[in-house]
C-alpha cells in the first residue's frame with residue numbers, strides 16, 4: 001500500500017509532484033522520494049519520514065528541476081525499514097531509469113536469483129521494487145539497439161508482465177525519453193491517469209495511485225491504466241497506450257474500498273465514498289433482518305474511514321449518529337505502525353470519547369474492518385470508562401483471516417483476531433456485548449453495484465483465495481510469517497535507526 005505519482009509537463013514538475021504526493025500520505029508514512037529530470041540530468045531527494053518532513057518547498061522542492069518526474073510515499077511490505085529501501089530506485093542502464101512501485105511481487109526471490117546470476121546485475125537491497133526495476137531494465141536493454149522507441153518500451157513491459165507475478169502498479173522515468181506507467185495483468189493495485197490543458201492549449205499528463213492527486217493539481221481524470229496495459233508519455237507529451245499482457249479478468253483489491261483509499265477517490269469508475277455508503281446500508285439491513293429487536297440508542301463511527309458507512313447505517317436502522325469518538329489529527333494510521341506497543345500508545349493518543357454523549361446509552365460502534373482487534377478493544381474499554389451501558393461493535397468488512405501477499409502488510413496469521421478464534425471468542429477478546437461482521441457477498445455487492453463490470457475482486461484476506469495461477473508454496477508463507485510478526489517488525493525498526 002504505497003503511493004506513486006508521475007508527471008510529464010511543459011513546465012517544472014517539482015511542486016506538482018509534491019502536491020500530488022501529499023494527497024497520498026495516507027498510503028504510506030515511512031518514507032518519501034521525488035525524482036525529476038532536466039536535460040538528461042536527474043535530481044533526487046528521498047528520505048525516511050512523513051512527506052512534509054522529507055521536503056521543504058523553499059529548500060528542496062525548488063531544486064527538483066525538470067519537466068518530467070516521479071514520486072513515491074512508502075509503506076514497508078517487502079524489504080523492511082532500512083533507509084536503503086526508500087524509493088524511487090535508479091539504475092543507469094539502459095539510458096537511466098527511475099522507478100516507483102506500489103504492490104508486492106510473489107516470485108521476487110526467484111527473479112532476484114535470475115537477475116544476479118544470469119543477468120549479471122547488482123541488487124543492492126532486499127526490496128522487490130529494486131528487483132522489478134532490474135527486470136524492466138534487462139528487458140528494455142534487450143529491445144534497444146541504438147535508440148529507445150515507443151515499441152521497445154511496450155515490448156519491455158510485455159516481458160515484465162510475463163515474468164513477474166503478484167501485484168504491481170508502476171511508474172518508470174526513462175531519462176531523455178519519457179515516462180511509462182503499467183499495472184499487473186489482474187490490476188490489483190489502483191493506478192489512474194489524467195491530463196490538463198492550459199489556456200494556451202498545451203497539454204500535460206499525470207499518473208497517480210488515486211484520483212485525488214489529479215484533483216489537487218486540476219488534472220481531468222481519463223481513467224484507470226487498464227490491467228495488463230501500459231501508458232507511455234514521451235518527453236514531447238505524446239500519449240501512447242497498449243495492452244501488453246495476455247487478457248485476464250480485472251481483480252481489484254477489495255480492501256482498497258474498505259480502508260486503504262480516501263473516500264473522495266474514484267477507483268475503477270467506482271466512488272469510494274458511495275461504496276462505503278453501500279457498505280453501511282447493507283450492514284444496517286443485516287441488523288434489521290437478524291436483530292430486529294435491537295436496543296441500540298446511538299451509532300458512532302470510528303474515525304475516519306468508517307464514518308461514511310456508520311452514518312448510512314444509522315439512517316437505515318433509524319437511530320441517531322454521533323461524532324462522539326474524536327480523532328487526534330496529528331497521529332498517523334496505527335494499522336501501518338510497527339510493533340504492538342507502538343500501536344497501543346498511538347491508539348490512546350489518537351482517539352478520545354465524548355463521555356456526555358455515551359453515558360448511560362447502548363452504543364453501536366462501526367469500524368471499517370477489524371484486523372488484530374487491539375484498536376477495537378481499546379475503544380470498547382474507553383466507551384465503558386465513559387459510562388456507556390452496553391457496547392456493540394460492527395465491522396463494515398468480513399473477518400480478516402489470511403495474510404495479504406499483494407502489497408498490504410497484514411500481520412502474521414497468529415496475530416489476526418479471527419484467524420483462529422470463533423465469533424464468540426473474538427467478541428470476548430474485544431470485550432463488546434455483540435460483534436457483527438459484514439458478509440463477503442454484501443461487501444462485493446457494495447462495490448459491484450456501482451460498476452457491474454467488476455466481476456472479480458482480490459479478496460484473499462477474507463477468503464484465502466489468491467489470484468488465479470498464483471499459489472505460493474508453504475515456504476513462501478513461512479517466510480511471510482517470520483517477516484511480519486511484531487517481533488520481526490520491532491527488530492527491523494531498531495536495526496534501521
- Message: For segment 85-105, give me each residue that is surrounded by fewer than 20 Cβ atoms within 10 Å (Cβ to Cβ) and more than 18 Å from residue 157 (Cβ to Cβ).
- Response: 90, 92
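Which one is nearest to residue 71 (Cα to Cα) among residues in segment 24-54 that are part of a helix (DSSP H, G or I) and without any contact (Cβ under 8 Å) to a residue 24 or more places away in the chain?
Only one residue fits best here, namely 54.
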- Task: Would you check if residue 275 is touching a residue at least 60 places away in the same chain (Cβ under 8 Å), touching a helix residue (DSSP H, G or I) at 6+ places or on another chain (Cβ under 6 Å) and not assigned by TED's automatic domain parsing to the domain that holds residue 184?
- Result: yes
- Has segment 74-84 got any residue that is crowded, with 17+ Cβ neighbours inside 10 Å, under 27 Å from residue 235 (Cβ atoms) and not assigned by TED's automatic domain parsing to the domain that holds residue 479? yes
- Item | Hits in segment 129-157 (condition: modelled with pLDDT under 95 and either within 21 Å of residue 236 (Cβ to Cβ) or part of a loop (DSSP other than H, G, I, E, B) (or both)) | 143, 144, 145, 146, 147, 148
- Message: One residue is enough: does segment 305-325 have a residue meeting the conditions on the phi > 0 side of the Ramachandran plot and assigned to a loop (DSSP other than H, G, I, E, B)?
- Response: yes
- Output the residues belonging to segment 351-406 that are in a strand (DSSP E or B) and surrounded by 21 or more Cβ atoms within 10 Å (Cβ to Cβ). 353, 363, 364, 365, 366, 367, 391, 392, 393, 394, 395
- Message: So, in segment 98-128, exactly how many residues are touching a strand residue (DSSP E or B) at 6+ places or on another chain (Cβ under 9 Å) and in a helix (DSSP H, G or I)?
- Response: 3
- For segment 183-226, enumerate the residues that are part of a loop (DSSP other than H, G, I, E, B) and closer than 17 Å to residue 21 by Cα. 189, 190, 191, 209, 210, 217, 218, 219
- Of the residues 15, 21, which is farther than 29 Å from residue 105 by Cα, in the same structural domain as residue 174 (by TED's automatic domain parsing), outside any loop (DSSP other than H, G, I, E, B) and touching a helix residue (DSSP H, G or I) at 6+ places or on another chain (Cβ under 9 Å)? 15
- Item | Which numbered condition residue 170 misses (of (1) crowded, with 17+ Cβ neighbours inside 10 Å; (2) part of a strand (DSSP E or B); (3) out of contact with any helix residue (DSSP H, G or I) (no Cβ under 9 Å at 6 or more places or on another chain)) | (3)
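The values are calculated or read from the model by the stated rules, or taken from the named source; none is laboratory data. The model shown is predicted, which means the values in this text are computed figures rather than measured ones. No Cβ is skipped: glycine too gets one built from the backbone with ideal geometry, and neighbour counts run over all protein chains shown.
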